[in-house]
Structures are given as C-alpha cells and as structure tokens.
C-alpha cells in the first residue's frame, strides 16, 4: 500500500502551482485533477474522486480535440469510480464513451482498447448479463494476445474473467 495522504499532498501542491502559472483550462491542470482523483479512488473517498475526475474531464473537453485519448482516460476513470460505488449503469455509460473514443484515436490492437473491452465486460458480468460480458471479455483478450507478451498479467486476468463468466452461464 502506498502513502496516499502524502501522494495527495504532493498532487495538491502541484495543482496549486499549476493554477498560478497555467491558464484555467490547460491540460496540465486536467492531469493534476486526474491524479488527485486516482488517489481519492484508491482511498475509497469516491465522491471526492468523482469530483476530481469530472473536473479533469471538463478541462479536457475544452482544451483537447473531441477524440483525444486523454478524454477516454477521463471517462474510464469516472467509470471506475462509479463501478467501485456499485453504480454499474453509470459506469457502463462512461466506459462505452471511453471505448468509442479509443476506437477512433488508437490503433485497432492497442492495449487500451483491450482494457476498455475488459472493463465493459466486467460491468456486464456484475449486472448479470453474462453473454454480453463474455463477448466484450473475449474481444479484450484477443487484442491483448496480439499486443502484449504471452506471459503478461493482463492476459492472465482476461482469461480469469472469461472463466468466471463461463461458470455463471
């Protein structure tokens, strides 16, 4: 476990500096809010995490092109917080938006696409929609097998997720 309070302190100091030297919608500010949101998520402080990730997304929507990969990251992180709060339909909606952007912005076998497919599959699994879950998880595994070394832990995770869903069907 990391020292989250210290990490949070450093990220907040960084944000304070950025606020003084950067324009209000600079992507650097969005990155700071994103990092703060990630720490709050790890700490289980989901409302603060969500607020930070939403602020990051607001800035990125203004500062970046509409299909920039950083927007996909923001949607993904908002989804992760909603997922952790058990808000599966909200998580699914943002994960799907993240996937849409990644399909446009990234090559077809990029590992981040696999992550999007995997995340959507896991949400469908938790919603009890196992056939949809299996379809997304298999797409994610196929990409991971093409883009990652054979012994990569993400491949093993994809296989475990698929087996877990198959047991429930």
- Residue count, the stretch 149-162, condition more than 13 Å from residue 138 (Cβ to Cβ) and surrounded by 14 or more Cβ atoms within 10 Å (Cβ to Cβ), comes to 3
- Quick check: anything in the stretch 2-15 closer than 30 Å to residue 141 by Cα, surrounded by 22 or more Cβ atoms within 10 Å (Cβ to Cβ) and in contact with a helix residue (DSSP H, G or I) (Cβ under 9 Å, 6 or more places away or on another chain)? no
- Query: What pairs can you find where one residue is in the stretch 20-34 and in contact (Cβ under 8 Å) with a residue 24 or more places away in the chain, the other is outside any helix (DSSP H, G or I) and surrounded by fewer than 17 Cβ atoms within 10 Å (Cβ to Cβ), and their Cβ atoms are less than 8 Å apart, with a gap of 6+ or different chains?
  - Reply: 27/64; 29/22
- Message: Against the condition more than 22 Å from residue 127 (Cβ to Cβ), part of a helix (DSSP H, G or I) and at pLDDT 95 or above, how does residue 17 come out, does it pass?
- Response: yes
- Query: Do the conditions hold for residue 116, that is, is it touching a residue at least 12 places away in the same chain (Cβ under 8 Å), in contact with a helix residue (DSSP H, G or I) (Cβ under 6 Å, 6 or more places away or on another chain) and closer than 21 Å to residue 47 by Cα?
  - Reply: no
- Which of the following residues is in a helix (DSSP H, G or I), surrounded by 21 or more Cβ atoms within 10 Å (Cβ to Cβ) and within 16 Å of the chain's Cα centre (by Cα): 122, 165? 122
- Item | Subset of the stretch 104-119 that is within 9 Å of residue 143 (Cβ to Cβ) and more than 15 Å from the chain's Cα centre (by Cα) - its residue that is surrounded by the most Cβ atoms within 10 Å (Cβ to Cβ) | 109
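The values are calculated or read from the model by the stated rules, or taken from the named source; none is laboratory data. Small disclaimer: the values here were computed from a predicted structure and weren't measured. Note that we place each Cβ from the backbone using ideal geometry, even for glycine, and neighbour counts take in every protein chain shown.
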